[in-house]
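Okay, so here's the structure we're looking at.
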Amino acid sequence: MPYTIKTISLDKTSVTDDFWNKRMEIVRTQMIPYQWKALNDQIPGAEPSWCIRNFRLAAQIASGRAQGSVEHSEHKGFVFQDSDLYKWLEAVAYTLAWHHDSELEALADSAIDLIASAQMNDGYLDTFYILNGIEKRFTNLKDNHELYCLGHMVESAVAYYEVTGKNKFLTMARRFTDCAMSHIGAEEGKLHGYPGHPILEMALMRLYAATAERQYLNFASYLINQRGQKPLFFAEETVRCGNKDWWGGSYLGYRYYQADVPLREQTVAEGHAVRALYLYSGMADVARETEDDSLVRSCMALYRNVTSRQMYITGNVGQCAFGESFTLDYDLPNALVYGETCAQIALVFLSQRMLRFGLNGTVADVMERVLYNGVLSGASLDGKSFFYVNPLEVVPELTKKAQPYVHVKAERQKWFSCACCPPNFARLVSSIGSYVHTVDDAKNLVATHLFIAGRTEFNLGGSAVFIDMESSFPWKGHVKITFHMEKAVTFTYAVRNPSYVHSFALRLNGQECAAEKKDGYLLMHRTFKDGDELEYEMDLQVRVVFANPKVRENIGKAAVMMGPVVYCLEEHDNGKDLHQLRFVGHPDFYVRYEPDLLNGVNVITCKGFRLCTDDWGEDELYSFEHQLKIKDVPLTFIPYYAWNNRGPGEMMVWVHRNP
């Protein structure tokens, strides 16, 4: 079938939402300047990036000013370090779309000039190989991230071109893409390979949309369809080039790369979680553009597996530190979780693409849940420290002294040697306006997926339509949507009806109005006129949430949610030894908004109790005779995303519950 749903470009949106605008401003005023310093190794006490340093040395070699002395110009940091600068530039581009800043744009232009000075004559640009031996390029597509860096370069360059109209960076990205295409592809004499770390697939689709050059669509289709074909390219490349087989002795093997079998044969998400979700996102783009229904069905099966069997309540994905990977259905450990911030961000990318196949309230619910929980937990409220791993339960002492927990940090870090997450966070939050609505020209339908206040412009049947949305989300469920247009326009408006809303009221111009419930949305087919006001009042109640009994970790436990926000207990409010706390049944919850706490949050309290240890001797580990003793205590819950902004301490999402 033809897939005609489109997202809205940032130049057609503005975000005025109190909740999200604060975070966008933090990205603009704090995070982007901070990350520029980090990329230049100017954050005291932080892990060095080496990123800008690598580009400067590569520029000397590319220009012939240096001969590549190993002592002075060897590459430092991870092989994919270039991508951090590209993601930073992408975040800058999105920020410039809604806040003009000539100084920031000039800084970005200077960074692009630096990148340009490192590009080789044939378009190749990867500082790892420029500094460590250009003759070895394209000899380890499996592990050395050339195509991953290219993908981020393309995404960044397209974004910068779309926002500023400047095509220098885009031309550079096209030259590198053309260079890669001259070495890789289905044609005889080329490497029949594909990226070890996907993202190039969806980047190529953005490049195709920006340039209308079909060769980029064809290359993206090739990368999707070639992956996992026999004989396996990665296996042959490993032998031919003498590369290490990092995962050959483990269960993961080529599953780590989602390359053990062709994508159309994959129904269960396996391997490295970020790679998988980036790959599925590119797969969805190719499937939609080529109207490949079998590929669409594969996307849907994989998305369903991730979100209905391998996703945490917070939207975190990727359960295991070994291989940063998915494990198996219903395996969701809370304290040992990996839940890389990039994986949550990738799930948002994929969810947005799934919504372009058709209205699906379940998908929109997932996208919202990930945004308000799993993504936001990845950065501190001041934008200057970050989580790579996002646990659902933390005991700080364990993270320091027990080997299985060493990947978990009890405090956000200033930076990482592997710093993929911070600039990824910045580029997503700064572009949040493009996730709110979609438009389907063929069906004359506008859909609202997220309740983020702002103005959005559409074109329907040749007429400009503006939607102004006011929203009290996520703390209250009141939304007001005002339509503006020069003349009356007939179209279908679809507004999401979240699964967590038990009752709602819908009023048009003050009068109750009817709507068709379909696919998790409320559909109104009518002629709208300028000034029409739609009020959508959703009853947001505190809910006790249970996990499927197949989830071993959460038997006898429950979590607390209100609207899309997952809540947690934190030591700061409830004392140490959170595992000793309980609540009973469905207690009376009390909600109060605290404007001066954690940048303004709803706090939820209820009655609970704590197991007593006072009558246990310090050396009494086990007993046959002790009766369970308890004492009444209040329980205080804060939003999960806001934990660890008041210093280190214990945290717990899933709380023991007595029926």
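Some points to look at:
- Computed [θ] at 222 nm, deg cm²/dmol, the chain (DSSP H ≥ 4; -39,500 (n - 2.57); rounded to nearest 500): -10000 deg cm²/dmol
- Solvent exposure ordering (accessible area, 1.4 Å, most first) of Lys409, Lys190: Lys409, Lys190
- Given charges at beta-carbon only (K, R positive; D, E negative), |dipole| of segment 282-416 in Debye: 360
- The largest accessible area among Arg657, Arg369 belongs to the first residue in Arg369, Arg657, and the rest follow in falling order (1.4 Å probe, all chains).
- For segment 461-539, the C-alpha radius of gyration sits at 1.10 times the compact-globule guess of 2.2 N^0.38 Å, with N the residue count.
- Nearest-10 value in Å² for the accessible area of Thr13, using the 1.4 Å probe: 20
- Summing +1 for each Lys or Arg and -1 for each Asp or Glu among the other residues whose beta-carbon sits under 10 angstrom from that of Gly600 gives -2.
- Packing-based ranking, highest mean first, of 423-433, 383-393 given that Cβ atoms within 10 Å are counted: 423-433, 383-393
- The apolar share of the surface of segment 1-44, taken as the fraction of accessible area on carbon and sulfur atoms (1.4 Å probe, ligands and nucleic acids excluded), comes to 54 percent.
- For segment 480-546 versus segment 194-264, the inter-centroid distance based on Cα atoms is 43 Å.
- Under the span-like rule (Cα at least 24 Å along the axis, Kyte-Doolittle mean at least 0.5), DSSP H helices of the chain: none
- Globularity index of segment 447-495 is 1.21 (Cα radius of gyration / 2.2 N^0.38 Å, N = number of residues).
- Peptide ranges 203-210, 87-94 listed from the most packed, as the mean C-beta count within 10 angstrom indicates: 87-94, 203-210
- Apportionment of accessible area to carbon and sulfur, segment 248-363, percent (1.4 Å): 50
- Sorting the segments 605-613, 29-37, 251-259, 272-280 by their mean number of nearby beta carbons within 10 angstrom, highest to lowest, gives 272-280, 251-259, 29-37, 605-613.
- Listed by chain and number, the aspartates and glutamates whose alpha-carbon sits under 16 Å from that of Lys487, ignoring those within fewer than 8 places in the same chain, are Glu457, Asp530, Asp532, Glu533.
- Candidate aspartates and glutamates - alpha carbon under 16 Å from Lys230, same-chain residues fewer than 8 apart omitted: Asp260, Glu265
- Once you reduce segment 302-351 and segment 607-646 to the center of their Cα atoms, the two points are 29 Å from each other.
- Derived from the Cα gyration tensor, the three semi-axes of the equivalent ellipsoid of the chain are 39, 33, 24 Å, largest first.
- Over segment 565-659, relative contact order from alpha-carbon pairs under 8 Å, at least 6 apart, %: 47
- Cross-link pairs beyond the 30 Å C-alpha cut-off, checked among Lys443/Lys529; Lys414/Lys476; Lys136/Lys400: Lys414/Lys476; Lys136/Lys400
- When DSSP beta bridges are restricted to pairs lying wholly in the chain, around 90% turn out antiparallel.
- Heavy-atom accessible area order for His100, His145, largest first, 1.4 Å probe: His100, His145
- With eigenvalues of the C-alpha gyration tensor scaled by 5 and rooted, segment 156-209, Å: 24, 12, 8
The values are calculated or read from the model by the stated rules, or taken from the named source; none is laboratory data. The model shown is predicted, which means the values in this text are computed figures rather than measured ones. Every residue, glycine among them, receives a Cβ derived from its backbone with ideal geometry; neighbour counts consider all protein chains shown. Protein only, heavy atoms only, side chains kept; ligands, DNA and RNA dropped before computing areas. Shrake-Rupley method; radii C 1.70, N 1.55, O 1.52, S 1.80 Å.
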